[in-house]
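Novice: One structure, as structure tokens, below. Some questions next.
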Amino acid sequence: MNNRPLLRTIRFETEKLDYVEAGVDFREGTRLYGSAVIGRVHLYLNGDELCVERRIPDEFDVSDTVKSMFEMSSEFERTGSASANPFCCVCGDRGCAYLDWRLETVDSETRLIMEDLVGNPIGAHQYRLQPKTLYNAVAELAETVVATMKDAGIRRTTAGTIQEFVDWHQQLVQWKENEL
């Protein structure tokens, strides 16, 4: 019997999104690298918020988080496995958030494995999912970044241009539809 939970839904909820540039004090911290869409991210798995002390929910570079999750999804599409630190710290360093995600294909099922950077499990640790579940959530997060950039009147962050975010969104939707 498989005791790994099946993820039927993944949803990112954001709040307090702002555009900030390098050297700008941001909520008692300083943005060290480049420009970004920054905000608080909540992660919901099957409708329940995942809370990890001092990690989720928290303030993240949402634009680079989308880029990192797209890169992880792209690698998974190419190779059948991928690993990333997808939640990007507001300072601009991906490793600061201390969250590691791996996508693996094991016995013809896809698993999402979540750990901190020293290997301690996060949440149920290993989840079964269809990749389209993750792709849909990341595509929606990309839409949020595009809307925030348009509202702020900017065309580029360090993570990418509005067009790149639109392209990533479209690719994620395509991968999702290919799995149907």
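Novice: Report, to the nearest 10°, how far helix 162-178 tilts away from the longest principal axis of the Cα atoms in the chain, using its own Cα long axis and a range of 0 to 90°.
Specialist: 10
Novice: Among the chymotrypsin sites (Phe, Trp or Tyr not before Pro) in the stretch 30-105, which ones are in a DSSP loop with at most 15 other Cβ atoms within 10 Å of the Cβ? Mind listing them? Don't jump to the answer; show the numbers that get you there.
Specialist: Numbers: sites: TYR33, TYR44, PHE60, PHE70, PHE76, PHE87, TYR98, TRP101; in loops: TYR33, PHE87, TYR98.
In loop regions of the stretch 30-105 (DSSP not H, G, I, E or B), the sparsely surrounded chymotrypsin sites (Phe, Trp or Tyr not before Pro) are TYR33.
Novice: Here is a further query. Considering only DSSP beta bridges where both residues belong to the stretch 6-178, give the percentage that are antiparallel (nearest 5).
Specialist: So the antiparallel bridges amount to about 95 percent of the total.
Novice: For the Cα atoms of the chain, what angle does the longest principal axis make with the long axis of helix 131-152, in degrees from 0 to 90, nearest 10?
Specialist: Result, in degrees: 10.
Novice: Name the most mobile residue of ALA139, ALA152, ALA36, meaning the one with the largest mean-square fluctuation, in a Gaussian network model of the chain with Cα contacts below 10 Å.
Specialist: ALA152
Novice: Summing -39500 (n - 2.57) over the DSSP H runs of n ≥ 4 in the chain and dividing by its residue number, what mean residue ellipticity at 222 nm do you reach, to the nearest 500 deg cm²/dmol?
Specialist: Details: 3 runs with 57 residues, N = 180.
The helix-only estimate for the chain comes to -11000 deg cm²/dmol at 222 nm.
Novice: For the stretch 130-159, which trypsin sites (Lys or Arg not before Pro) pass both filters: DSSP loop (anything but H, G, I, E, B) and at most 15 other C-beta atoms within 10 Å? Before the final figure, lay out the partial values.
Specialist: Working: sites: LYS132, LYS150, ARG155, ARG156; in loops: ARG155.
Here the trypsin sites (Lys or Arg not before Pro) that fit, given the DSSP loop and packing criteria, are ARG155.
Novice: Shifting gears a bit: Using +1 at the Cβ of each Lys and Arg and -1 at the Cβ of each Asp and Glu in the stretch 6-178, identify which of ILE56, ALA84, LEU99 lies farthest towards the dipole's positive end.
Specialist: Among ILE56, ALA84, LEU99, the one farthest towards the positive end of the dipole of the stretch 6-178 is ALA84.
Laboratory data are not the source of any read-out in this text; all were calculated from the coordinates shown. Source: prediction; values computed, not measured. Glycine also receives a Cβ, built like all others from the backbone with ideal geometry; neighbour counts cover every protein chain displayed.
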